[in-house]
Every structure is written in C-alpha cells, then in structure tokens.
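Undergrad: Right, I'll just put the structure down here and ask away after.
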Number of protein chains: 2
Amino acid sequence: MDFTIHAATLEDCKDISRMILELAEYEKVSDQVKITQRDLEQDGFSKNPFYHGIIAEVPEQHKSKDGHTKVGYSLYFYTYSSWKGRAVYMEDLYVMPEYRGKGIGKALMSKVAQLGLAAGCTQLNFAVLDWNKPSLDFYLSQGCFDVTADLGYHCMRCEGESLEKLAQGDS
Amino acid sequence: MDFTIHAATLEDCKDISRMILELAEYEKVSDQVKITQRDLEQDGFSKNPFYHGIIAEVPEQHKSKDGHTKVGYSLYFYTYSSWKGRAVYMEDLYVMPEYRGKGIGKALMSKVAQLGLAAGCTQLNFAVLDWNKPSLDFYLSQGCFDVTADLGYHCMRCEGESLEKLAQGDS
C-alpha cells in the first residue's frame, strides 16, 4: 500500500491526539492521557517546541473505515547523553491496527533515525512495556537492545505532590 | 557548609567534563565517555541547546583537595510525554565524594524540579542503575517511584551500525 511520511504540522494535532488515545487504549492506560489537541498545538508548535512529530498518510482511496487518511505517527525529541552526546528519543510509534504489517511502523522509525543522525545524534532511545512482546521483538529485530535488561537501567519518576515538595526543598 | 547553585555557563564546561568522568568512574564505565569539553560547549551553548546544566559551588576556603570549587552538577533537558505533556529529564546528578552528605545533591535535584515546574512540566524523569542502591534509596526517599519495577518500562536503544541501517530503511 502506498503511504507518505511528512513532518507534523499544526493541522495534524487533531489526528495525533486521536491516535495518542488509540495507542493508550492498546496499552490499557487511556485513563492516563491528560493531553488535549490544544496542548499538542501549544507544546509542539511554539518557538521552543517540546516535541516534533511525523505522520504516515495513505491516499484517500485507502482511508480507514472511520474515514481517516492519517494512519500512523511518531513523536520524538532531542536529548543528551553525558557520555555519548546528542541523542534522539522516540516517545511514541503508532500505526492504526488495520494498517499494520505494511512497513509503515518501520518507515516511521527509520525516518526518526534519519532525522536523528542528521542532527548529529549517535543514539535512538525509547521505552517499551515488558508485556508488549510483539513490539519488543520488532525492536530487537531492528538491532535495538534492551538497556534495562542488559545494563540494569531503571526509569525513575517524580510527579504530583512529591515533585512540588522536592521543588520546595522540604526533606 | 555554604554552597551556591547557578546555571551552567560556557566557562563551567571544563568542570562539567571533569565531573562527568568522575561520575562515570563511580559507575564503572569511564571507557564509555566520548564527550569532550568542546562537545559540551557546542551542544549546551548553541542556539538550540541539547541540554542545560546547573553547578554547585563552594567558597574558595572550602575548595577540594585538588583545588576545585565547582563540586557538583546536574544536566537536564525538557522532554515530552504524550500522556502527560511537558516533562523534565535529569540526565546526571553528581556531587564529588568529599562533599556528599551535606545536602548538595538534594539542592541540585530540587533546583531541577523547580525549573521543571516553572516550565510547566508535570514529571521529573531520570534513570538509575539497579546496583546503585544508595542512589535508588535516596530517590525513593524523595517520593520518586521506579517506573521500570512498577509499570514494566524497559529502556531501549539503537546505536552504531544498527542505527545507520535503520535510517537507511534496510530490513
């Protein structure tokens, strides 16, 4: 199936918002999604954007049963390793279920890798949930490795009241 | 002991570079450090910086046995959660061994949390190595939680030839 990949614009935020929810439903955490289309517009398209996006689109004649032509996306941003320098982080990689198995996910990830290399990055980083075996297998097949399993990295987070308290310097 | 915290400037890159190596030695991976002072200058102080830094400094009379007054640092950058929006990532948090236990690490982390909240972030994220029990315990005592243990997140990475191949779209 033909598809194209383009850099996300302000006009894509509606579809990104829809697909973020679809992905969260797949990951069984849709109640966790607090992001709105408006947030995506503001955070991705202001002077110092917090993320960048790319969109996979199919021709009108291949639109989804719900009438969508934007059928996949990836959100990414640039990060930094104090050992290796510039890196790119792929926050999301998603293809609508009815368009899977056609190389769209691979093409999106490849584009993020291209953009990262062009920006001088030497690493592409991302996270995967341990129960998501199909995704994990796909990533391993692409030569990625599991930093948590191989090197013992644990992702840590502070949020909500703990974050407020930390910022206030209370012990 | 008195200490101050200030935003890192170009002039701090020499000390940041020195402390990155000290931290890597502590983490037993100093052979992994490819970053030079020059990289830090270029990547942190260009128009679109890849990272930001803060420095902990002690007065001249409390300088280290090697003559250093810059005794701790944190590198951080802004990231994005497609569920929760703006986030701040603490790449490094380091205090020289002879200055530990004086609240400097806590003050650095608190400053990163403050800066993150001021920028509209709702999460502070970072990674910890599973064998580094003292650090893990410190973070847990600050109300942080272990996303890998609690939610099953694995950090994944693609680099070197695999990244080149991915970018070229070879299967």
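Undergrad: Could you list, ordered by first residue, the pairs with Cβ atoms under 7 Å in which the first is in the stretch A:118-130 and in contact (Cβ under 8 Å) with a residue 24 or more places away in the chain and the second is part of a helix (DSSP H, G or I) and hydrophobic (A, V, I, L, M, F, W, C), at least 6 apart or interchain?
TA: Note: pairs meeting the criteria are A:L124/A:V112; A:L124/A:A113; A:L124/B:L163.
Undergrad: Looking only at the stretch A:44-55, decide whether some residue is part of a helix (DSSP H, G or I), within 9 Å of chain B (Cβ to nearest Cβ), open to solvent by 30 Å² or more (accessible area, probe 1.4 Å) and farther than 23 Å from A:Y99 by Cβ.
TA: Checked against the condition, which is being part of a helix (DSSP H, G or I), within 9 Å of chain B (Cβ to nearest Cβ), open to solvent by 30 Å² or more (accessible area, probe 1.4 Å) and farther than 23 Å from A:Y99 by Cβ, the stretch A:44-55 yields no hits at all.
Undergrad: I would also like to ask the following. Would you tally the residues in the stretch A:34-77 being under 16 Å from the mean Cα position of the chain (by Cα), closer than 18 Å to A:E22 by Cβ and small (G, A, S)?
TA: Count: 4.
Undergrad: Among the residues of the stretch A:62-91, write down those that are more than 7 Å from chain B (Cβ to nearest Cβ) and assigned to a loop (DSSP other than H, G, I, E, B).
TA: A:K63, A:S64, A:K65, A:D66, A:G67, A:H68, A:T69 - these are the residues of the stretch A:62-91 that are more than 7 Å from chain B (Cβ to nearest Cβ) and assigned to a loop (DSSP other than H, G, I, E, B).
Conditions (1) in contact with a Cys (Cβ under 8 Å, 6 or more places away or on another chain); (2) of a type outside the set (A, V, I, L, M, F, W, C); (3) within 23 Å of A:M90 (Cβ to Cβ), marked per residue:
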position: B:A87; (1), (2), (3): yes, no, yes
position: B:V95; (1), (2), (3): no, no, no
position: B:Y99; (1), (2), (3): no, yes, no
position: B:K102; (1), (2), (3): no, yes, no
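Undergrad: When only residues in the stretch A:18-40 that are in contact with a Lys or Arg (Cβ under 9 Å, 6 or more places away or on another chain) and more than 9 Å from chain B (Cβ to nearest Cβ) count, which is surrounded by the fewest Cβ atoms within 10 Å (Cβ to Cβ)?
TA: Filtering the stretch A:18-40 for residues that are in contact with a Lys or Arg (Cβ under 9 Å, 6 or more places away or on another chain) and more than 9 Å from chain B (Cβ to nearest Cβ), the one surrounded by the fewest Cβ atoms within 10 Å (Cβ to Cβ) comes out as A:Q37.
Undergrad: Can you tell me which of B:K106, B:K111 is open to solvent by 50 Å² or more (accessible area, probe 1.4 Å), farther than 29 Å from A:L93 by Cα, within 17 Å of the chain's Cα centre (by Cα) and modelled with pLDDT of 95 or more?
TA: After ruling out the rest, the residue left standing is B:K111.
Undergrad: Restricting attention to the stretch B:92-107, which residues are assigned to a strand (DSSP E or B) and aromatic (F, W, Y)? Please lay out each step first, then the result.
TA: We begin by selecting, within the stretch B:92-107, every residue assigned to a strand (DSSP E or B); these are B:92-95.
If the condition is that a residue be assigned to a strand (DSSP E or B) and aromatic (F, W, Y), then B:Y94 is the only one that fits.
Undergrad: Next question, about the same structure. What number of residues within the stretch A:79-96 satisfy the criterion of being in contact (Cβ under 8 Å) with a residue 24 or more places away in the chain and either closer than 30 Å to A:M1 by Cβ or open to solvent by 30 Å² or more (accessible area, probe 1.4 Å) (or both)?
TA: 11
Table: residues versus (1) in contact with an Asp or Glu (Cβ under 8 Å, 6 or more places away or on another chain); (2) assigned to a loop (DSSP other than H, G, I, E, B); (3) at the interface with another protein chain (Cβ under 7 Å from one of its Cβ atoms).
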{"position": "A:C121", "(1), (2), (3)": "no, yes, no"}
{"position": "A:N125", "(1), (2), (3)": "no, no, yes"}
{"position": "A:P134", "(1), (2), (3)": "no, no, no"}
{"position": "A:D137", "(1), (2), (3)": "no, no, no"}
{"position": "A:L140", "(1), (2), (3)": "yes, no, no"}
{"position": "A:G143", "(1), (2), (3)": "yes, yes, yes"}
{"position": "A:H154", "(1), (2), (3)": "yes, no, yes"}
{"position": "A:L163", "(1), (2), (3)": "no, no, yes"}
{"position": "A:L166", "(1), (2), (3)": "no, no, yes"}
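Results for (1) crowded, with 22+ Cβ neighbours inside 10 Å; (2) touching a strand residue (DSSP E or B) at 6+ places or on another chain (Cβ under 9 Å); (3) free of Cβ contacts under 8 Å to residues at least 12 places away in the same chain, shown as yes or no for each residue.
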| position | (1), (2), (3) |
| --- | --- |
| B:G67 | no, no, yes |
| B:F77 | no, yes, no |
| B:E98 | no, yes, no |
| B:F145 | no, yes, yes |
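Undergrad: I would also like to ask the following. Identify, please: which residue in the stretch A:1-17 is among the hydrophobic types (A, V, I, L, M, F, W, C) and outside any strand (DSSP E or B) and is, among those, most open to solvent (accessible area, probe 1.4 Å)?
TA: The qualifying residue most open to solvent (accessible area, probe 1.4 Å) is A:M1.
Undergrad: Checking B:P134 against (1) open to solvent by less than 30 Å² (accessible area, probe 1.4 Å); (2) modelled with pLDDT under 95, which single condition isn't satisfied?
TA: Just one mismatch for B:P134, condition (1).
The values are calculated or read from the model by the stated rules, or taken from the named source; none is laboratory data. The structure presented is a predicted model; accordingly, all values stated were derived computationally and were not measured. Backbone-built Cβ (ideal geometry, glycine too); neighbour counts: all protein chains shown. Note: accessible area is taken over every heavy atom of the protein model, side chains too, but ligands, DNA and RNA are not part of it. Shrake-Rupley method; radii C 1.70, N 1.55, O 1.52, S 1.80 Å.
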